[in-house]
1. What distance in nm lies between label points placed 7 Å from Cα along the C-beta direction at Val190 and Asp424?
2. May I ask you to compute the full-extension gain from Asp96 to Ser385, defined as 0.36 nm times their residue separation minus their alpha-carbon distance, rounded to one decimal in nm?
3. Can you list, largest first and rounded to whole Å, the semi-axes you get for the stretch 274-330 by taking the square root of 5 times each eigenvalue of its Cα gyration tensor?
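Taken together, the values in this text are just the output of simple stated rules run on the coordinates, not laboratory data. What you are looking at is a predicted structure, and each value in this text was computed from that prediction instead of being measured. Don't worry about glycine lacking a Cβ; one is built from the backbone with ideal geometry, like all the others, and counts go over all protein chains shown.
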Amino acid sequence: MCNENIRRENRFIAGAIVIVLIAFCAGCVQQNPPENAGSNAPIAANANTNANTNTTIASNAPAVSQVQVTLPLVDALMNDEGFVNEAKSSLQLTDDQVQKLKDAARNDVLTLDENDNNDTRSTRAAIKKAEATINKTLGNEKGAQFLNLVQQRGAETASVSPPNSIPKDTRIVINSPAYRMDEFKDGQLVKSYKVGIGYPEWPLPTGLRKAAEIIFSPTWTPPDSPWVKGKFAPGKTVEAGSKDNPLGILKIPIGLPNLIHGGKQPGKLGTFASHGCVGLTNELVRKFAVELASMGGTELTPEQEREYEQQKTKTQEVKLSDPVPVELRYETIVVQNGKLIIYRDVYEKGTNTEENLRKVLDAAGVSFDSFSPQDQQKMLDAVKSMALDAHGNPVDENANDNDNKSGRSKSGSHITTAVKGKKDITLEFAQLAGKGYPDPVNLEG
């Protein structure tokens with residue numbers, strides 16, 4: 001979640017947001033099964049409509065979301081003074097409890113090393129470990145209340161679209177399992193990017209955010225973590241313009257604690273690349289910033305960008321006249337212009353199932369039962385073969401996280417830096433011609 005910059009991103013959406021806990025938070029509220037965790041199923045919400053873009057954006061109305069709570073996310077939030085004060089006030093936490101929780105989350109982050117290739121960690125294991133640690137520190141009752149608060153403050157989600165939906169307005173759409181970011185203008189796809197996404201231990205959330213500003217030459221406050229690689233003193237701000245700043249030449253906040261930012265090498269696009277952010281190379285993030293500004297009704301030319309970049313030691317903000325909605329999706333089954341694409345379930349949400357396959361096909365106007373038995377079997381085989389986590393272990397949407405019979409990775413000390421094996425399978429069917437989500441347009445990355 002880019003907690004390297006968390007202390008400078010203390011801008012939470014105002015208002016009370018009521019969030020339903022994800023499946024691991026037992027006994028607190030009615031639970032949602034993991035297979036509904038992605039955006040392959042619609043989630044209802046109340047929201048306001050932006051008059052300029054005719055799109056629904058986050059509001060103060062109640063909303064439902066899925067947030068994968070890990071200790072790195074807790075660590076980021078516990079560094080936000082506003083969140084800590086709210087937790088102390090609303091949950092009646094003592095200073096001792098707050099400090100113990102801070103220490104537990106920080107110690108977990110300190111053990112993560114992205115330079116070790118012995119990948120042993122997984123999203124579900126990280127979620128389970130976070131729940132156990134929080135309950136051990138605060139007790140089960142306050143632990144459940146704290147998880148609920150993290151859910152509220154870790155997301156600014158107002159809605160999630162039906163499967164493979166094509167926006168009718170102006171917005172950015174990011175589908176994590178596809179490592180793809182799209183620009184829509186008035187319902188027309190005009191540009192696509194290949195992006196890096198958050199490691200499974202720092203998963204990107206789902207839901208509707210918004211981009212309201214572009215920040216050139218951002219500063220960076222490194223945490224006391226192994227992935228800092230010993231270059232900087234923890235907590236000491238790396239000044240704007242430093243060549244070692246992992247945020248690159250600019251960052252675009254899309255709701256704490258997530259960003260779109262530069263600084264990535266080309267080889268990190270199309271794979272895991274960040275601590276909960278959307279990563280681009282500096283060259284690509286320059287182009288994207290100009291396009292985003294235009295979408296938001298603000299003039300930003302390449303010449304102006306160069307002027308900002310020449311003042312490397314000065315952090316400068318460009319405000320968008322109209323904030324641009326940014327929709328974060330988790331769709332592992334996609335109908336795309338005649339093709340059925342099944343992506344790996346890298347965040348282990350249990351979305352690669354026959355049930356979701358049928359929902360996606362129905363949304364495209366084609367019934368699963370209309371296919372021949374041979375084609376049906378091809379689809380089911382593809383779904384099953386992609387129901388794997390990043391390590392290649394089976395993801396069972398009905399599995400108990402305490403049961404590791406499937407070989408699912410246990411919580412360890414290493415960050416998952418790459419997907420082992422195929423990332424996706426593509427099947428073509430005549431019945432799907434011209435249906436579904438559009439192919440990439442002017443793809444870069």
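1. For the pair Val190/Asp424, the computed spacing is 2.3 nm.
2. In short, 99.3 nm is gained.
3. Rounded to whole Å, the semi-axes are 21, 16, 11.
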